[in-house]
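Shown next, in structure tokens, is the structure this report addresses.
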Amino acid sequence: METPNDVLVGLDVGTHKVLCVIARPAEEPGRYDILGFGLEPSEGMKNGIVHDVEKVVKSVRKAVATAQYGAQVTMEKAWVAIGGETLTSENCVGTAVVRGNEVKQPDVDTAEANARENSRRVGRQLIKMQSQGYRCGDTFTAESPIGLTGDRVEAVYHAVYGSVSNAENIKRCLLRSGLELAGYEPHPWAAASAVLNDTDRYCGTAVFDIGAETTSITVFYENRILFTDVRPYGAEFFTRDVAMMFGITLEQAEELKVTVGHCLPDDVLPGETVQPSATGGRPSALYSRHLLARTLRERADEFFGLYKKLLEDNDLTDRVHNVVITGGGANLKGIDTVARNAFGTPVRIGRPVWTDGRSQIASLPEASVAIGLIVDAGRKRGAMDARGYRTRPLPALFARLKTIVIGDY
């Protein structure tokens, strides 16, 4: 049996599902073996925001219990994703004048402190920051700039803002479920960590994680995060459209979307029909499969038109040479074709790439956030081990709250 210190736990608390994944580092560096997972319907969440603590705790406990049973390990801590439609981002720069023309540690410290200070001046609630590198003269480096020559040094950070109260509510739900908070990542970053390889991060990739009610967006270029955002629409919009078009229930519409729906009306045979399950003891009517596909296609065209405009408005189109679609919405057949037509770039469905692939959950796009949390946790653990990390006692309440508010740098 595994011990709690041997495993990493990722917990994705979404609007329609709660997914808990337990994994351990594999023999191949950077990869993970899935030991167990728990997937349960989610209650108490709306648009990624906690609305009912009791219902969220109940859903989390069920998912955690199932994951522990499959992994045969008792969990103590978990990494969670902080999401919600309030998430936005900003690139922040801090500058320090270099004394003596050679960058030293105090210069770097000053530049980093100024970047953090600038991030808090925008008047939004800071969730987390991540260093993107340093600029000194004509040089931009992801490593320490100590020893470089120049008049000044700049520290470049990417900051994510959102609802601190929602982050605190997620933490409270975790604690009431019997788990401690090991760490957290913004939802879009976690999804990207699961589905992107090193080439994707360097060459320029936009990740769209389509959830039930929101879509998380992250853009990477030259190993830097350029943009993070969450839009308040997701896969549930497809279901609503089908329900209204055919005059059927949301449950019937979801069934049609999942079982026979796709975004390619030109591929439908003339006269082809679909039929949802009976309701109220009476058989349901037959409906045009072409109309079903056209309804889904029109909504998908609208979504990716909005996504493209968002990238254009932020001057990012020249940096995006590849698109990855992940999350539960990526399971809609033909959605990658719609994205390819919209962006004119290669598009693929994003499935976790850092697992052994033997687990059922490892191949599903909707598992990207939970597995991405494990990937991020493993990278941070490796970095701390390299620095001679030792386990520290749980910080006081004020320190834990500070971590939620300003990040763990």
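The values are calculated or read from the model by the stated rules, or taken from the named source; none is laboratory data. As the structure is a prediction and not an experimental result, all values here were calculated from the model. With ideal geometry, Cβ positions are generated from the backbone for all residues, glycine too; neighbour counts draw on all protein chains shown.
Laid out as a table, the results:
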{"quantity": "Residue identified as in contact with a helix residue (DSSP H, G or I) (Cβ under 6 Å, 6 or more places away or on another chain) and in a helix (DSSP H, G or I) among 18, 64, 56", "calculated": "56"}
{"quantity": "Leading residue by the ranking (farthest from residue 173 (Cα to Cα)) among those in region 68-110 that are among the polar types (S, T, N, Q) and assigned to a helix (DSSP H, G or I)", "calculated": "105"}
{"quantity": "Top-ranked residue in region 1-56 [being among the β-branched types (Val, Ile, Thr) and in contact with an Asp or Glu (Cβ under 6 Å, 6 or more places away or on another chain); ranked as nearest to residue 353 (Cα to Cα)]", "calculated": "18"}
{"quantity": "Entirely in region 126-236, the helices (runs of 4 or more DSSP H) that have 2 or more residues that are surrounded by fewer than 24 Cβ atoms within 10 Å (Cβ to Cβ)", "calculated": "164-176, 198-203"}
{"quantity": "Helices (runs of 4 or more DSSP H) (entirely within region 319-409) containing at least 1 residues that are surrounded by fewer than 17 Cβ atoms within 10 Å (Cβ to Cβ) and modelled with pLDDT of 95 or more", "calculated": "335-343"}
{"quantity": "Some residue of region 275-296 being surrounded by 18 or more Cβ atoms within 10 Å (Cβ to Cβ), in contact (Cβ under 8 Å) with a residue 24 or more places away in the chain, charged (D, E, K, R) and not assigned by TED's automatic domain parsing to the domain that holds residue 367", "calculated": "yes"}
{"quantity": "Subset of region 246-286 [in contact with a strand residue (DSSP E or B) (Cβ under 8 Å, 6 or more places away or on another chain) and among the hydroxyl-bearing types (Ser, Thr, Tyr)]", "calculated": "249, 273"}
{"quantity": "Test: residue in region 97-106 that is β-branched (Val, Ile, Thr), within 26 Å of residue 191 (Cα to Cα) and at pLDDT below 95", "calculated": "no"}
{"quantity": "The lone exception for residue 98 - which of (1) touching a Lys or Arg at 6+ places or on another chain (Cβ under 7 Å); (2) assigned by TED's automatic domain parsing to the domain that holds residue 54 it fails", "calculated": "(2)"}
{"quantity": "Filter result for residue 241 (in the same structural domain as residue 203 (by TED's automatic domain parsing), at pLDDT 95 or above, surrounded by fewer than 16 Cβ atoms within 10 Å (Cβ to Cβ) and out of contact with any strand residue (DSSP E or B) (no Cβ under 9 Å at 6 or more places or on another chain))", "calculated": "no"}
